[in-house]
Structure formats: C-alpha cells, structure tokens
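Since the structure comes first, as structure tokens, the remarks are kept for the end.
The values are calculated or read from the model by the stated rules, or taken from the named source; none is laboratory data. Just so it is clear, the model here is predicted, and its values are computed rather than measured. For neighbour counting, all protein chains shown are included, and Cβ atoms are generated from backbone atoms with ideal geometry for every residue, glycine included. These area figures cover heavy atoms from the full protein model, side chains too; ligands, DNA and RNA do not enter into them. Shrake-Rupley method; radii C 1.70, N 1.55, O 1.52, S 1.80 Å.
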Amino acid sequence: QVQLVESGGGLVQPGESLRLSCTASGIIFSMYIMKWYRQAPGKQRELVASIRSGGSTNYADSVMGRFTISRDNAKNTVLLQMNSLKPDDTGVYFCQADGTRRDYWGQGTQVTVSS
C-alpha cells in the first residue's frame, strides 16, 4: 500500500518560514520525481517545486528564491523549506510522487499566511 504523508503546515505571519515534510512508503522512492503542489481556495492546483532523484530542481516563478525543495532518498522524504512567506502562499500543499507509469498523492497540509 502506497502512502504519502505530509506534515509541517500551519498558520504563520507574512515574512515567516515553514518547512513541509512528505514521507513516502510502499514505493521505490528514488525512482520517482517528487513534487509539491498547492491549491488556494477557488483556484486550480499549481505546481510549486519538483526534484528529481539526482537532485535537479525546478520552481514556479512565484516561489523562486524563497522556497527550497530537497529530498533524502535513504529516508524516503522530500522537504519544502518556505521562507519569506506571503499571504498569496496560502493554500493546501500536496506532495506528489510522479512515476513513469503512475503517480501518487498525499492528503495535503494546510498553510495559512496571515497577519
């Protein structure tokens, strides 16, 4: 049974930081591109950041320079360090394991940035 479990969300003020974690089980973690998506109320889910097994990364323009994605293949974990958070970063953040044949999703963790 495949599981992706996110944690680390919460309520913060603008300018503060959060670190999201996603731990996978039931898959060969190193074979998957790991991605973070977010979905704000009333908006479509958008790709925030991705990381390949070898460590190459991509970011949405809106988070470039503020967010950092990393992974530990030995621990089946992908992290998203979010700095200088803005109200527009508010949403539910989802972890995705993107494989050649199929992909898997976590249940999401809420991030709220508000003063």
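Details
- For the stretch 30-50, a residue qualifies if it is of a type outside the set (Lys, Arg) and crowded, with 21+ Cβ neighbours inside 10 Å, and the qualifying residues are 32, 34, 36, 37, 48, 49.
- Number of positions in the stretch 17-35 that are under 22 Å from residue 55 (Cα atoms) and in contact (Cβ under 8 Å) with a residue 60 or more places away in the chain: 12
- Sub-8 Å Cβ pairs linking a first residue in the stretch 1-16 that is on the phi > 0 side of the Ramachandran plot and in contact (Cβ under 8 Å) with a residue 40 or more places away in the chain to a second residue that is part of a loop (DSSP other than H, G, I, E, B) and aliphatic (A, V, I, L, M), at least 6 apart or interchain, are 15/85, ordered by first then second residue.
- Residue match in the stretch 71-90 (condition: surrounded by 18 or more Cβ atoms within 10 Å (Cβ to Cβ), modelled with pLDDT of 95 or more, part of a strand (DSSP E or B) and among the polar types (S, T, N, Q)): no
- Screening residue 65 with (1) open to solvent by 60 Å² or more (accessible area, probe 1.4 Å); (2) on the phi < 0 side of the Ramachandran plot; (3) modelled with pLDDT of 95 or more gives one miss only, at (2).
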